[in-house]
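Q: I'd like to ask some things about the structure below.
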Amino acid sequence: KTSPSTVYVGDSVVFDASSSYDVSTPLAQLSFRWDFNGDGVFDTGWSSTPIATWSFPTVGIFNATVQVMDQAGLIGAAVYRVVVNSRTAGGAANHIVVFRDSLPWQTTAFESVMTMHSYTAGLGIDQYEVLPSSSFISADLVPGRDMVIIMNDQNQSFYNALAPAVPRIERFVQNGGVLMWEAADLGWNLGSMASAGIASLPGGVGFTAHYDTTNYNFDPTSTLMTGLPSVFTGTYASHEYFTNVPLTANVYMVNSLNEPTLLEHPEGSGWVLLTGQPLEYNYVYNPSSMGIIYPRLFDYVLGRINSPDAQTAAAEAPKILNAAPLVKPSHVQ
């Protein structure tokens, strides 16, 4: 057995094989050795002590193996499945699963960010897959591996398919998954979460439609927001703000009403990032201000926060914010 039952990165995990037995060798004369991360290389030598401790430096699912040897040199083995969670979403996933039926605001912003940070299409580490709403019920979602994204600005049929799948997505999070729910609806593709019967987001968080041209850096010392500007502008900077926010949430950005527009909160063993911001639109049409945050979110969740460099982004922002506005289509179409 192992303890604690819920394991986070850096925790000291106790492995106890003292229930081992052999028909001819008493427990005190058995020998034990451990491969804690399941890589086939044993992390300890043989010892008469059936209890060992280990600290996992990264998130993931590990098959810790103990081998037990009796006095005759015969060896048996047992495997302990250990799910290691992150205390924040940062670094808690290494693969991206995107759900969308339509390009948000007719942009390929997502693909551009993936290319910029060397993510490729596929099923492996540092790869992504784009799935339609018809896959909500059948997609293979793996806690500890996947960052699931509900993409912004979808059509009504997408949200209609999403509504009955919300409990499944919440179970994925509860079991250690990471979800980024982009809640900026009522956009170019005309879809509405509320019209689909979605009353709240994971954790019981409510959402309220409110178009705002200014968002603010609410937590400038956090890993996600450090080094970024204090003010972000866009037309629009946010579509929604959130209500009934859990007390355990980290609020990263707020709108001009001081209402949260970007936050993160734990849910079971997993994490939820909620954003009411038209991220893809701003990435393409407002890259010097509100558009900065979009690639940053992926780097944060995938543990690559140094790309793009926060200090560079902060240094560039004042210069670009004072430049002439870009010529771009109206955000609300």
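Q: Of the conditions (1) open to solvent by less than 50 Å² (accessible area, probe 1.4 Å); (2) outside any loop (DSSP other than H, G, I, E, B), G91 satisfies every one except a single condition; which number is it?
A: It fails just one condition, (2).
Q: If you don't mind, there's one more thing I want to ask. Given (1) in contact with a helix residue (DSSP H, G or I) (Cβ under 8 Å, 6 or more places away or on another chain); (2) buried (at least 17 other Cβ atoms within 10 Å of the Cβ); (3) not in a helix (DSSP H, G or I), where does L162 come up short, assuming only one miss?
A: (3) is the only condition that L162 fails.
Q: Among the residues that make up the stretch 209-222, is at least one of them at pLDDT below 95, farther than 27 Å from A93 by Cα, β-branched (V, I, T) and in a strand (DSSP E or B)?
A: no
Q: Right, next: Can you name the helices (runs of 4 or more DSSP H) wholly within the stretch 225-333 that have at least 1 residues being open to solvent by 20 Å² or more (accessible area, probe 1.4 Å) and either among the hydrophobic types (A, V, I, L, M, F, W, C) or modelled with pLDDT of 95 or more (or both)? Quick ask: steps written out before the conclusion?
A: Working: elements: 279-285, 293-301, 310-321.
Passing ranges, in order: 279-285, 310-321.
Q: Here's something else I'd like to know. Does G206 satisfy the condition of being crowded, with 18+ Cβ neighbours inside 10 Å, of a type in the set (G, A, S) and within 24 Å of N258 (Cα to Cα)? Break it down stepwise before answering.
A: Values: crowded, with 18+ Cβ neighbours inside 10 Å: no; of a type in the set (G, A, S): yes; within 24 Å of N258 (Cα to Cα): yes.
No: the conditions fail for G206.
Q: Next question. Of all residues in the stretch 121-133, which are in contact with a Lys or Arg (Cβ under 9 Å, 6 or more places away or on another chain), modelled with pLDDT of 95 or more and either surrounded by 15 or more Cβ atoms within 10 Å (Cβ to Cβ) or among the aliphatic types (A, V, I, L, M) (or both)?
A: Matches in the stretch 121-133: V130, L131, S133.
Q: Exactly one of (1) within 29 Å of the chain's Cα centre (by Cα); (2) surrounded by 13 or more Cβ atoms within 10 Å (Cβ to Cβ) is unmet by T6. Its number?
A: (2)
Q: Tell me, please, whether a residue that is modelled with pLDDT of 95 or more and open to solvent by less than 30 Å² (accessible area, probe 1.4 Å) can be found in the stretch 19-30.
A: Yes, the stretch 19-30 has at least one match.
Q: Quick check on this structure: which one of S112, S118, S102 is farther than 23 Å from F172 by Cα, open to solvent by 40 Å² or more (accessible area, probe 1.4 Å) and either touching a residue at least 40 places away in the same chain (Cβ under 8 Å) or touching a strand residue (DSSP E or B) at 6+ places or on another chain (Cβ under 7 Å) (or both)?
A: S112
Q: Report yes if some residue within the stretch 169-185 is more than 25 Å from Q277 (Cβ to Cβ) and not in a loop (DSSP other than H, G, I, E, B); otherwise report no.
A: If we filter the stretch 169-185 for residues that are more than 25 Å from Q277 (Cβ to Cβ), which is where we start, we get 171, 174-176.
Filter again for not in a loop (DSSP other than H, G, I, E, B), leaving 171, 174.
Yes, there is a match, as at least one residue in the stretch 169-185 is more than 25 Å from Q277 (Cβ to Cβ) and not in a loop (DSSP other than H, G, I, E, B).
Yes/no matrix, rows are residues, columns are (1) open to solvent by 60 Å² or more (accessible area, probe 1.4 Å); (2) closer than 24 Å to G276 by Cα; (3) at pLDDT 95 or above; (4) not aromatic (F, W, Y):
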{"position": "R87", "(1), (2), (3), (4)": "yes, yes, no, yes"}
{"position": "S135", "(1), (2), (3), (4)": "no, yes, yes, yes"}
{"position": "R145", "(1), (2), (3), (4)": "yes, no, no, yes"}
{"position": "I150", "(1), (2), (3), (4)": "no, yes, yes, yes"}
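Q: Another question about this same structure. Taking the stretch 19-35, which residues are within 39 Å of the chain's Cα centre (by Cα), assigned to a strand (DSSP E or B) and over 28 Å from N175 (Cα atoms)? Let's see the steps before the verdict.
A: First pass over the stretch 19-35, keeping only residues within 39 Å of the chain's Cα centre (by Cα): 19-20, 32-35.
Now drop any that are not assigned to a strand (DSSP E or B), which leaves 32-35.
Matches in the stretch 19-35: F32, R33.
Q: In addition: Just the residues that are within 24 Å of Y21 (Cα to Cα), open to solvent by 30 Å² or more (accessible area, probe 1.4 Å) and in a strand (DSSP E or B), please, taken from the stretch 36-64.
A: S47, I51, T53, W54, N63
Residues checked against (1) in contact with a Phe, Trp or Tyr (Cβ under 7 Å, 6 or more places away or on another chain); (2) hydrophobic (A, V, I, L, M, F, W, C); (3) closer than 23 Å to V83 by Cβ:
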residue	(1), (2), (3)
T221	no, no, no
T235	no, no, no
F242	yes, yes, no
A249	no, yes, yes
V254	yes, yes, no
N258	no, no, no
L262	yes, yes, no
H265	no, no, yes
S269	no, no, yes
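Q: Given the condition of a type outside the set (A, V, I, L, M) and within 21 Å of V148 (Cα to Cα), answer yes or no: does some residue in the stretch 226-237 qualify?
A: There is no residue in the stretch 226-237 that is of a type outside the set (A, V, I, L, M) and within 21 Å of V148 (Cα to Cα).
Q: Looking at the stretch 218-231, I want the residues that are among the acidic types (D, E) and have a partner that is at pLDDT 90 or above and in a loop (DSSP other than H, G, I, E, B) with Cβ atoms under 7 Å, at least 6 apart or on another chain. Which pairs are those?
A: Listed by first residue and then by second, the contacts come to D219/M225.
The values are calculated or read from the model by the stated rules, or taken from the named source; none is laboratory data. Note that the coordinates shown come from a computational prediction; the quantities given were computed from them, not determined experimentally. Ideal geometry is used to build each Cβ from the backbone, glycine not excepted, and the neighbour counts take in all protein chains shown. To get the accessible areas, we keep the full protein, side chains included, count just its heavy atoms, and leave off ligands, DNA and RNA. Shrake-Rupley method; radii C 1.70, N 1.55, O 1.52, S 1.80 Å.
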